[in-house]
Amino acid sequence: MQDCQYLFAVCFNLLKNSFMRVRYVLWFLIFLVWMGRGQAADARDDGFQPLFNGRDLSGWSNVNCAPGTFTVRDGMIVSTGIPTGVMRTEKQYENFELELEWRHIVPKGNAGLFVWSYPVTAPGVPFTRSIEVQILDGRNSESYTSHGDVFAIHGARFSPDRPHPNGSMRCLPSEWRCKPAGEWNHYRVTCNDGDIKLAVNGKVVSGGNQSVPRKGYICLEAEGSECHFRNIRIKELPSTNPESDEIAPLAEGFRSLYTGVDLTGWKQNATSGARWKAADWILKCDEDAGGRDDTLWSVESFKDFVLICDWRWVSKGAARKHPVILPNGEYEKDSGGSPREIEVLDSGDSGIYLRGSEKAELNIWSWPVGSGEVWGYRTDVKMPPDVRAAVTPRERADEPLGRWNRFVITMRGDRLTVELNGKIVLENAQLPGIPLLGPVGLQSHGSSIEFANIYVKALN
């Protein structure tokens, strides 16, 4: 700019004719405008668009965190790291180049960037199925580093550019280039046709190929400590037409009913003795020595809905005998006419109440018939036989004790469908007389149990 000013002064002194002065001044101004437009065009022509506007979280959706986990401050996205969870884009992306800067505030901080992500978390974990680009500080070993590992998580697949020492689907960086906590680092992630490459502070160090999925959401991860993100921008590349099984499902309007930090949105019984406790992404219910029922009710009521809920037993269980239930809902009888019982490993009794009705409880237990039956309707002899049969699970789909299970519960009118661990155990079962509107209840019959990933979607 100083050179231009000098040139202008020289030209002005040399030109004596006032008309010529005006003429050359105008030409000079036109030249400056043209140069400015050219620079602006060059900035636009790189094809990048902001993925974060620097003011608010427009274009992003909270998946399973508290409202204050991700906020905006001084042109940055600030993650508290609590609870463990993710925030995702509202839009899916297939092929793209993504740039962002990040910094940890405390040493050994943990966070992450997920690409090609599913819209909700995988069963029994606070993270989504995706390809993760590690954002970690000061933790290095033979199997992982803090310098840009890339790896598949929770059902995703990819082939790392270099074999991992343990044979896992994880690419360790070719060199260590990340700066320590308190300093900004720059990532450039290129995703194209299932290939992913990560450049750390200006140099490609890790990646992989044959990724599944290879189209999905982009997530920022919170995992225990404060982390800052800024200058997030993306350039989309042409599609390479992935197959349907290579694309993450679309978001369907699910929202989390649990904050991960407290019991906001829930009501606890006055006599429960604070058995229900927020424990990061897990909602715990401690054992009651007296075996008393205790239910945690949602403040909000629901009409027609889909509810996702993960659960697992805490204790190792003990051998107990329980009745065998036939497909028609009746008890199987032994030769003497009494209900036949078999021994199972039993960890306790729990359930989920629908629309505020204790009669409409999906049992969570270790009985031979499996979880998902609706006790109040199956055992009601006044109900028609087809109703009692329909609320009896088709099969036992429970995972072994101590492992996470996932219910997907759909209520439309008085009809109920229940999926347990990917298997339909109840389908279009009728619950005559169930209220049209009511809260969801998480019940414990004195046993220790844990819940997680509680999402609801209202149906029209």
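The values are calculated or read from the model by the stated rules, or taken from the named source; none is laboratory data. Computed from a prediction, not measured in an experiment: that's the story for all the values here. Quick reminder, even Gly has a Cβ in these numbers, built from the backbone with ideal geometry, and neighbours come from all protein chains shown.
Observations on the structure shown:
- Flag if residue 345 is within 28 Å of residue 253 (Cβ to Cβ), hydrophobic (A, V, I, L, M, F, W, C) and out of contact with any His (no Cβ under 8 Å at 6 or more places or on another chain): no
- When the strands (runs of 3 or more DSSP E) confined to the range 194-235 are screened for residues that are of a type in the set (Ser, Thr, Tyr) and either out of contact with any Lys or Arg (no Cβ under 9 Å at 6 or more places or on another chain) or crowded, with 24+ Cβ neighbours inside 10 Å (or both), those reaching at least 2 such residues are found at 203-212.
- Condition check for residue 332: without any contact (Cβ under 8 Å) to a residue 40 or more places away in the chain and in contact with a His (Cβ under 7 Å, 6 or more places away or on another chain): no
- The range 255-277, residues that are at pLDDT below 95, in a loop (DSSP other than H, G, I, E, B) and surrounded by 14 or more Cβ atoms within 10 Å (Cβ to Cβ): 269, 272, 275
- Boolean, residue 252 is at pLDDT below 95, surrounded by fewer than 17 Cβ atoms within 10 Å (Cβ to Cβ) and under 19 Å from the mean Cα position of the chain (by Cα): yes
- Residue that is nearest to the chain's Cα centre (by Cα) [pool: residues in the range 414-460 that are aliphatic (A, V, I, L, M) and surrounded by fewer than 19 Cβ atoms within 10 Å (Cβ to Cβ)]: 458
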